[in-house]
Amino acid sequence: MTQAEKNAGKRKLEIQADQFVLDGQPFRILSGAIHYFRVIPEYWKDRLRKLQAMGLNTVETYIAWNLHEPKKAEFNFEGARDCFAFIRKAGELGLNVIVRPGPYICAEWDFGGLPSWLLADQNMRVRCLHVPFLEAVDRWFDTFVPRLAELQTTRGGPVIAVQVENEYGSFGTDKKYLQFIEMGLKQRGIDVPMFTSDGWTDAALQNGTLPHVLKTINFGKNAIDAFIKLRHYQPQGPLMCSEFWNGWYDHWGKPHHTRAAADAAQALDEILSAGASVNFYMFHGGTNFGFMNGANDDGQYWPTITSYDYDAPLNEAGDPTEKFYAFREILRQHFNLPETPLPRASKKMAFPGLRMSQQAPLFDNLDKLAHGARRTTPETMEKLGQSYGFVLYRTEIAGPRGGEELFVQDVRDRAQVFLDGNLIGALERSRMPDSLPVNFDQPKARLDILVENMGRTNFGPYIHDRKGITEGVRLGQQFLFHWQIYSLPMEDLSKLQWQDLKSGAGPGFFRSILHINETADTFLALPGWTKGVAWINGFNLGRYWDRGPQRTLYVPAPLLKEGENELVIFELHNTDTMAVEFRSKPELY
């Protein structure tokens, strides 16, 4: 093979003065964020084509370390976790790719993409020059980065740029750590331009960047002021908004965020009129399937909902919104866009309502779901080698007891408390009440505390967010010792013992079969249910909660099949209806 043949198809993004140059020509990055881990693989091509149709030339994605190394030194890049397949698919469609490999990504994703097993080490410190953390990052980079390097434009692939860490200026000041990440990428083969992205405050731009690495900034409005601030710290170089926040994410118990299309389009026009490049965060949000949502903690803990609709140009089901067309019009005013067919909404269907037919009470099935571990004191989920789901803590207390308060110290994140199998109340992290009265006349009583991990904090100073009971349990002034602990990751429900439906009381599992003649996208609605998790054909759709703002769970058509479809619901409290609906439209408010 000649050198010319070896170089065929190789390209490189370059920085020349105040502009990007690609293939020898001035280039503006017009990018949109799609996270492969929030979209089922069957829909990757569809979402990427729609990104092109809006007028974009690049797709950006984070890489979620915790998905790919779920257990220490055990790596997974198969199926829905095949980030390399997503990148290659984008390249096949003619798109450039920007990769943001972290190791921290924020993303409203559990622990900001860091693997939970790091927190089994009580002394762990992340995102700094702490040796045990750096050793874990090195092992991850050794596995991942060389494969990413093969997909760079310099080797014939579509990756034009790679980010160093993520919004580090909003977290810390360890420049040596940033240098460690930069060199870790370079030494393993990354030779396309690298960049940092931060908010446009002085503190962020002083501490989240490196002198020789391109600086970009994140914002949702006030482009001129933001770029003036960037120019103060970077007098020369291309201007870029790496996260144009055109929508926002939602928390349980708060209203659904929306932003008028005209307002967001005006903000985009300001970015483009300044001659800047842009990355839409998000172009398509997708869904926090399973237990992967993150959370925020501003002194009060706020878990993120299952939907990551984000009020983006494509909604959660991948359909173009008013923003899609408003943004496309602004882009057409600034660039000669190729003629691309405008996308249509995917097929949606409402299926017949479904009444649950079987149930499996949780307490009757503990030995089918978990092997109990005996500990003197309650231990965190991470210490138990568990990442997600629930933990049940069980002990006996001597009686009789009257009117004493039960405290679950520093519960992470929500605890239901049972006395001899009867619910006496629930305790939520950073919410009142912080204790429950305990009364019984017998010589002893069984105490069960079912704790739900509702998502690790993904941003800010409280990121070391261990789950379960993190301190202890006391009745009055007495700490309670000697616990039987059941880890309940809910990864395998095949051993549940089903029985005929008798009541809607939880905590427990409910099951039924949906019969359909054709498949389509649909939305699972659970009116009359309280809080829990739903699975369709073994796929974890995510959490539901009558607290809102989310009232339906997105069910992509490829998860369904003609004929029988198994629906399993884990309800924590109770259901009045014992029935569900499949609707043709989502409900977020």
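Observations on the structure shown:
- Whenever a residue of segment 452-471 is under 20 Å from GLY542 (Cα atoms), its partners that are among the hydroxyl-bearing types (Ser, Thr, Tyr) and part of a strand (DSSP E or B), lying with C-beta atoms within less than 7 angstrom and at least six residues away or across chains, give the pairs GLY455/THR304; LYS467/THR380; GLY468/THR380.
- Residue within segment 407-426 that is in a loop (DSSP other than H, G, I, E, B), polar (S, T, N, Q), touching a residue at least 60 places away in the same chain (Cβ under 8 Å) and closer than 30 Å to GLN499 by Cβ present: no
- Qualifying residue in segment 459-466 (condition: crowded, with 17+ Cβ neighbours inside 10 Å and assigned to a strand (DSSP E or B)): no
- Some residue of segment 250-257 being in contact with a Leu (Cβ under 9 Å, 6 or more places away or on another chain) and either surrounded by 16 or more Cβ atoms within 10 Å (Cβ to Cβ) or over 23 Å from ARG38 (Cα atoms) (or both): yes
- Number of positions in segment 541-589 that are more than 18 Å from ALA426 (Cβ to Cβ) and either without any contact (Cβ under 8 Å) to a residue 60 or more places away in the chain or not in a loop (DSSP other than H, G, I, E, B) (or both): 27
- Filter result for SER346 (in contact with an Asp or Glu (Cβ under 6 Å, 6 or more places away or on another chain), closer than 22 Å to GLU42 by Cα and crowded, with 23+ Cβ neighbours inside 10 Å): no
- Residue pairs whose Cβ atoms lie under 8 Å apart, separated by 6 or more positions or on different chains, with the first residue in segment 352-371 and surrounded by fewer than 18 Cβ atoms within 10 Å (Cβ to Cβ) and the second part of a helix (DSSP H, G or I), do not occur.
- Enumeration of residues in segment 552-589 that are of a type in the set (D, E, K, R) and closer than 20 Å to PRO507 by Cα: GLU566, GLU571, ASP576
- Only a single item in (1) touching a helix residue (DSSP H, G or I) at 6+ places or on another chain (Cβ under 7 Å); (2) of a type in the set (Lys, Arg); (3) assigned to a strand (DSSP E or B) is not met by ARG446, and it is number (1).
- Positions within segment 78-94 being touching a residue at least 24 places away in the same chain (Cβ under 8 Å) and either surrounded by fewer than 21 Cβ atoms within 10 Å (Cβ to Cβ) or farther than 23 Å from THR340 by Cα (or both), in sequence order: GLY79, ALA80, ARG81, ASP82, CYS83, PHE84, ALA85, ARG88, LYS89, GLY91, LEU93, GLY94
- Qualifying positions in segment 105-122 - over 15 Å from THR61 (Cβ atoms) and not small (Gly, Ala, Ser): ASP110, PHE111, LEU114, PRO115, TRP117, LEU118, LEU119, ASP121, GLN122
- Criterion (crowded, with 19+ Cβ neighbours inside 10 Å and either within 25 Å of ILE98 (Cα to Cα) or at pLDDT below 95 (or both)) met by exactly one of ASN336, ASN293: ASN293
- A search for C-beta distances below 7 Å between a residue of segment 29-50 that is within 22 Å of LEU541 (Cβ to Cβ) and any residue that is crowded, with 24+ Cβ neighbours inside 10 Å and small (Gly, Ala, Ser), counting only pairs 6+ apart in sequence or on different chains, returns HIS35/ALA107; HIS35/GLY286; PHE37/ALA64; ARG38/GLY285; ARG38/GLY286; VAL39/GLY286.
Residues are listed down the side, and each one gets a yes or a no for (1) under 21 Å from the mean Cα position of the chain (by Cα); (2) not polar (S, T, N, Q):
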| residue | (1), (2) |
| --- | --- |
| PRO103 | yes, yes |
| GLY112 | yes, yes |
| TRP117 | yes, yes |
| MET124 | no, yes |
| ARG127 | yes, yes |
| VAL131 | no, yes |
| LEU134 | no, yes |
| THR143 | no, no |
| GLU150 | no, yes |
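- Options PHE407, PHE418: the member that is at pLDDT 95 or above, within 25 Å of LEU493 (Cα to Cα) and assigned by TED's automatic domain parsing to the domain that holds ARG446: PHE418
- Answer residue from segment 501-541, given it is surrounded by fewer than 20 Cβ atoms within 10 Å (Cβ to Cβ), charged (D, E, K, R) and farther than 20 Å from LEU423 by Cα and is nearest to the chain's Cα centre (by Cα) among those: ARG511
- Residue within segment 483-496 that is under 30 Å from SER584 (Cβ atoms) and touching a residue at least 24 places away in the same chain (Cβ under 8 Å) present: yes
- All of ALA345, ALA312, ALA373, ALA350 fail the test of being of a type in the set (Gly, Ala, Ser) and touching a His at 6+ places or on another chain (Cβ under 7 Å), apart from ALA312.
- Highlighted here are the strands (runs of 3 or more DSSP E) found entirely within segment 241-310 that include at least 1 residues which are more than 21 Å from ASN66 (Cα to Cα): 277-284, 301-303.
The values are calculated or read from the model by the stated rules, or taken from the named source; none is laboratory data. All of these numbers come straight from a predicted model, not from anything done at the bench. Note that we place each Cβ from the backbone using ideal geometry, even for glycine, and neighbour counts take in every protein chain shown.
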